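Take a look at the following structure, please.
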Amino acid sequence: MSRVGVIRLIVVIAAIGLLELACRLGFIDYRTIIPPSEMTTVLVRLLASGELNSDIARTFGVVVIAVAISIVLGFALGLLIHAVPRVRRALDPLLATYYAVPIFIFYPVMVAIFGLSIIPIVLIGIAAAAVAMIIATLNGLDRVPRVLTKVARVHRMGPLDTALRLKLPAAAPHLFTGVKLAVSYGFIAVIASEFILAPAGLGRAIADAYSDFNNRKMYALILLLLVFATCMNMALHAWDLRWSARRGVRPQ
Amino acid sequence: MIATQRVTDSLIIVAILLAVWQGLNLMVGDTALPGPAATLAYLAHLVPSARFAENALATLAAFTYALVIAYGLGLAIGVWLGAHHLSGAVGEPLLVALYSIPKITLYPVILLIFGLGISGKVAFGALHGILPVALLTMSAIRNIPPVYLKVARTLHLSKWQTIFAVFFPATLPEVVAGLRIGFTVTLLGVLLAEMFASKRGLGFLIINAMSLAQSEEMLTVAIMLFVFAVLANSLLLWMEHRLHRRN
Amino acid sequence: MTGPDSGGEVHARLLGVTRIFPGATGQQPVHALGPVDLELRRGEFFAVVGPSGCGKSTLLEILAGLQSPTSGTVTFEGQPVTADVPDGIGVVFQEDASFPWLTVWDNAAFGLRRAGAPEAEVSRSVNDALAFMGLQDFARAYPSQLSGGMRQRVCIARTLVLQPRLILLDEPFGALDAQTRLLMGDEVLRLWRRTSATVLLITHALDEAAMLSDRIGAMSARPGRFMDIVETRWPRERDSTIVSETSFGEITGRLWENLRGESIKSLGHSGAGPA
Ligand SMILES: Nc1ncnc2c1ncn2[C@@H]1O[C@H](COP(=O)(O)OP(=O)(O)OP(=O)(O)O)[C@@H](O)[C@H]1O
Ligand SMILES: [Mg+2]
């Protein structure tokens, strides 16, 4: 490991160690934060007991559905919008401000319409994730060198063929940025929705543990989500690096 | 000619959105989703009311404090990590990792530390805003072409002259981009905090309206927030474009 | 402009071709090319030289069916070329057009696989083309791991495997140093002899044009027209050693005489010197 990597590891371990120490020595009230070691043991016990399985399955199921739909839908819409410059020009300001709006404020509206099923959560997940994919697709298509579309014409490829066999791989680095954002935004939106209002799921479980003053369970669940989010990001990052290295482009 | 076409196209999009809204209203009924006209009527009635002003002010106060903290700490951390090479190399991946975790999971912790009042909202909003400001400030400083500094040295500029005449203008566009994103996510943080646990603020109004099944109020508040976010973002975006064009 | 005395079957023909780009709003239209008449004979090696921006790439794209001419007609093997690229034409572009997401081997196989050729045939043709372009050791590499000249050779290999009857090369070695270009020129000659295709090579290097071609068309500054077409009368078996022949100097001299004034014009300072 590089020197920087070693220092980073030391920083992280020191931070966790300090928190542990502060909790154990009573500088931090047990009712506020429990020691990290205890979070870990409680989490291991919870996972072993299987009582979290249904919440985990539900939350990740919803995230996977929302993100998968967002990626396919976002790419398809991106292709369509890119193909019609006039629509593109009209939509550009909308896309530029989309993420300035806390889209989440419309979650209660969706609940009012669809009731407390998984539909409003999936829809909010899509609303949060798909636009990132559209923007990334447009960015990627803008940067497909013109000469490659000429190659497509020399090989007499149809529009669909050109989209899938040429534009998709040529724009892939940007699309991957879109996928990373879609995963991250979708995950955040789903957890937040469950947190505010949902019958089940990991977000709901945290909120319930909080209102039951069950700090041990709450911190164990928070740890689970943090570990999961970090692992997911590291995996996506590593994948991105491998791809980009091969294609000789800098990762986004 | 292009400009007028662009305006008409944007109007067409707004019209389509309104039509979709009206269509949904016809599909699901007035109680679940009131139509545009009913909502507009309610808006005209709610917005001048004292209740709306009170809650809007509560949100605005929490948002302002949160934004000041997010900008202050974010810029300080960004300058530090950008100027000190080793700290930057060590810290960047950590910040990126923190940036991409769903921060809503940390809200109960904030509540346990800061309590239910305005300080919890401020802390949660700032927590959202610090990271993007810090990350973009850091990258702005790192991306200054080294040749600028060589020029500054050959012109015998003092340290402060270098900072004000070279560093500051060279980093400004990217820093402003960071401030814009910071603005957005800080607002999101404050609203989430109000939605989950609070008795005041626009986030609270939305959730309260939902539990009382007052769809008009819910939509009205959402629309007011929408308009505020779009206006503020457009202003910051306009500044950013001007700075970019200059560079 | 091609003399009717010069024998050989006509392979492709441009007749009165012009290209005028409609200007952006508030700007003048750009008259980029023509009118141009040109007859390519089957199997010949034709080079086009001209100052930068005179419309050489435009000419090539019109011939390939990638752009439509503003006026005039284009025929290839007796058929009119309209909005589509006809079968039998291969193009190597001025810019690097290798696919960064495919290995060298898969790049070369792209066209054949699309045509649905059996895998055994694909593999034979691709290996053959890569060996011919000296890329066999890099078959599994990605374009980002190659030099600019090697990437252009990948693009040539990708074109070759489809066995085009007319090969259009747009400054394929523009980015290479002078010595490497001479050697690449030898490779293009080898390619031409082996495939017996018609080759149209665009270049701005007079020596390259003089060394490789049967005929050389010298174009004027924009809007590009053929001012002169020089016949070299080299034997079909030739290589870069002909640069030391006396007639080589005569040919480049004649080309430069024609092009000097045009190049100055295209530089934009018309008063810079005697044309
Ligand atoms: N799509 C376009 N729109 C407007 N003008 C164009 C377009 N493409 C080319 N031109 C103009 O047409 C002229 C000829 O361009 P072309 O690319 O054919 O030149 P060229 O001879 O290939 O130059 P070079 O040697 O630099 O490659 C140029 O002046 C260019 O500005
Ligand atoms: Mg050209």
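The values are calculated or read from the model by the stated rules, or taken from the named source; none is laboratory data. Fair warning: this is a prediction, and the values are worked out from it, not measured in the lab. Quick reminder, even Gly has a Cβ in these numbers, built from the backbone with ideal geometry, and neighbours come from all protein chains shown. Ligands, DNA and RNA are excluded from the accessible area calculation, which covers all protein heavy atoms including side chains. Shrake-Rupley method; radii C 1.70, N 1.55, O 1.52, S 1.80 Å.
Report yes if some residue within the range A:50-71 is at positive phi, loosely packed, with under 14 Cβ neighbours inside 10 Å, not in a helix (DSSP H, G or I) and not assigned by TED's automatic domain parsing to the domain that holds residue A:160; otherwise report no.
Step one: filter the range A:50-71 for residues at positive phi, giving A:50.
With loosely packed, with under 14 Cβ neighbours inside 10 Å added as a condition, the list becomes A:50.
Then drop every residue that is not not in a helix (DSSP H, G or I), which leaves A:50.
Still in the list and also not assigned by TED's automatic domain parsing to the domain that holds residue A:160: none.
The answer is no; no qualifying residue exists.
Next up: Is the range C:105-122 home to any residue that is over 26 Å from residue A:171 (Cβ atoms), modelled with pLDDT of 85 or more and either within 16 Å of ligand 2 (Cβ to nearest atom) or buried (at least 23 other Cβ atoms within 10 Å of the Cβ) (or both)?
Checking the range C:105-122: not a single residue is over 26 Å from residue A:171 (Cβ atoms), modelled with pLDDT of 85 or more and either within 16 Å of ligand 2 (Cβ to nearest atom) or buried (at least 23 other Cβ atoms within 10 Å of the Cβ) (or both).
Look through the range C:74-95, keep the residues that are in contact (Cβ under 8 Å) with a residue 60 or more places away in the chain and not aliphatic (A, V, I, L, M), and return whichever of them is nearest to ligand 2 (Cβ to nearest atom).
Only one residue fits best here, namely C:94.
Please find, among C:59, C:38, C:33, the residue that is crowded, with 20+ Cβ neighbours inside 10 Å, more than 13 Å from chain A (Cβ to nearest Cβ) and away from ligand 2 (no atom under 16 Å from the Cβ).
On the way: C:59 fails: away from ligand 2 (no atom under 16 Å from the Cβ); C:33 fails: away from ligand 2 (no atom under 16 Å from the Cβ).
So the residue among C:59, C:38, C:33 that is crowded, with 20+ Cβ neighbours inside 10 Å, more than 13 Å from chain A (Cβ to nearest Cβ) and away from ligand 2 (no atom under 16 Å from the Cβ) is C:38.
Another question, then. Of all residues in the range C:81-102, which are of a type in the set (A, V, I, L, M, F, W, C), more than 9 Å from chain A (Cβ to nearest Cβ) and open to solvent by 10 Å² or more (accessible area, probe 1.4 Å)? So that I can check it myself, show each step before the final result.
Here is the first cut: in the range C:81-102, the ones of a type in the set (A, V, I, L, M, F, W, C) are C:81, C:83, C:85, C:89, C:91-93, C:97, C:99, C:101-102.
This time we only want the ones that are more than 9 Å from chain A (Cβ to nearest Cβ), so: C:81, C:83, C:92.
Within the range C:81-102, C:81, C:83 qualify.
Please find, within the range C:43-61, the residue that is farthest from residue C:265 (Cα to Cα) out of those that are small (Gly, Ala, Ser) and more than 7 Å from ligand 1 (Cβ to nearest atom). Write out each step before concluding.
Our first condition is that a residue be small (Gly, Ala, Ser); within the range C:43-61, this holds for C:43, C:47, C:50, C:52-53, C:55, C:57.
Restricting the remaining residues to those that are more than 7 Å from ligand 1 (Cβ to nearest atom) gives C:43, C:47.
Numbers: C:43: 34, C:47: 22 Å.
That would be C:43.
Go through A:33, A:16, A:28 for me and flag whichever is open to solvent by less than 60 Å² (accessible area, probe 1.4 Å) and either touching a residue at least 12 places away in the same chain (Cβ under 8 Å) or among the acidic types (Asp, Glu) (or both).
Numbers: A:16 fails: open to solvent by less than 60 Å² (accessible area, probe 1.4 Å); A:28 fails: either touching a residue at least 12 places away in the same chain (Cβ under 8 Å) or among the acidic types (Asp, Glu) (or both).
One residue alone meets the criteria, A:33.
Could you tell me whether the range C:11-23 includes any residue that is in a strand (DSSP E or B), more than 20 Å from residue C:228 (Cα to Cα), away from ligand 2 (no atom under 16 Å from the Cβ) and open to solvent by less than 10 Å² (accessible area, probe 1.4 Å)?
Yes: one or more hits.
From the list B:59, B:105, pick out the single residue that is crowded, with 22+ Cβ neighbours inside 10 Å and within 9 Å of another protein chain (Cβ to nearest Cβ).
Values: B:59 fails: within 9 Å of another protein chain (Cβ to nearest Cβ).
Going through B:59, B:105 in turn, the sole match is B:105.
Let me ask something else. Cβ-Cβ below 6 Å, separation at least six or inter-chain, first residue in the range C:19-34 and more than 14 Å from residue C:67 (Cα to Cα), second open to solvent by 60 Å² or more (accessible area, probe 1.4 Å): which pairs?
Pairs found: C:23/C:29; C:29/C:20; C:29/C:22; C:30/C:21; C:31/C:20.
Go through the range C:1-37 and give me each residue that's acidic (Asp, Glu) and either at pLDDT 75 or above or under 19 Å from the mean Cα position of the chain (by Cα) (or both). Working first, answer last.
Initial filter on the range C:1-37 (acidic (Asp, Glu)): C:5, C:9, C:37.
Passing the criteria: C:9, C:37.
Where in the range C:175-256 are there strands (runs of 3 or more DSSP E), lying fully within it, with 3 or more residues that are surrounded by fewer than 19 Cβ atoms within 10 Å (Cβ to Cβ)?
Details: elements: C:198-203, C:215-219, C:226-231.
Once the strands (runs of 3 or more DSSP E) in the range C:175-256 are filtered for at least 3 residues that are surrounded by fewer than 19 Cβ atoms within 10 Å (Cβ to Cβ), what remains is C:226-231.
Would you list the helices (runs of 4 or more DSSP H) that sit entirely within the range A:150-252 and hold 2 or more residues that are within 14 Å of chain C (Cβ to nearest Cβ)? First the steps, then the outcome.
Values: elements: A:159-162, A:172-196, A:202-211, A:215-247.
Hits in the range A:150-252: A:159-162, A:172-196, A:215-247.
Hey, can you tell me all the residues within the range B:111-138 that are within 13 Å of chain A (Cβ to nearest Cβ) and at pLDDT below 90?
Residues satisfying the conditions are B:111, B:112, B:113, B:114, B:115, B:116.
If you go through the range C:62-80 one residue at a time, how many are within 14 Å of ligand 1 (Cβ to nearest atom) and crowded, with 22+ Cβ neighbours inside 10 Å? Break it down into steps so the answer makes sense when it comes.
Of the range C:62-80, the ones within 14 Å of ligand 1 (Cβ to nearest atom) are C:62-64, C:66-70.
Those still in the list that are crowded, with 22+ Cβ neighbours inside 10 Å too: C:62-64, C:66, C:69.
The total comes to 5.
Still on this model: Give the residues of the range C:62-80 that are farther than 23 Å from residue C:29 by Cβ, assigned to a strand (DSSP E or B) and either facing chain A (nearest Cβ under 9 Å) or not β-branched (Val, Ile, Thr) (or both), sorted by residue number.
Of everything in the range C:62-80, those that are farther than 23 Å from residue C:29 by Cβ, assigned to a strand (DSSP E or B) and either facing chain A (nearest Cβ under 9 Å) or not β-branched (Val, Ile, Thr) (or both) turn out to be C:76, C:79, C:80.
Out of all the residues in the range B:161-212, which are more than 18 Å from residue B:52 (Cα to Cα), charged (D, E, K, R) and within 13 Å of another protein chain (Cβ to nearest Cβ)?
Correct list: B:180 only.
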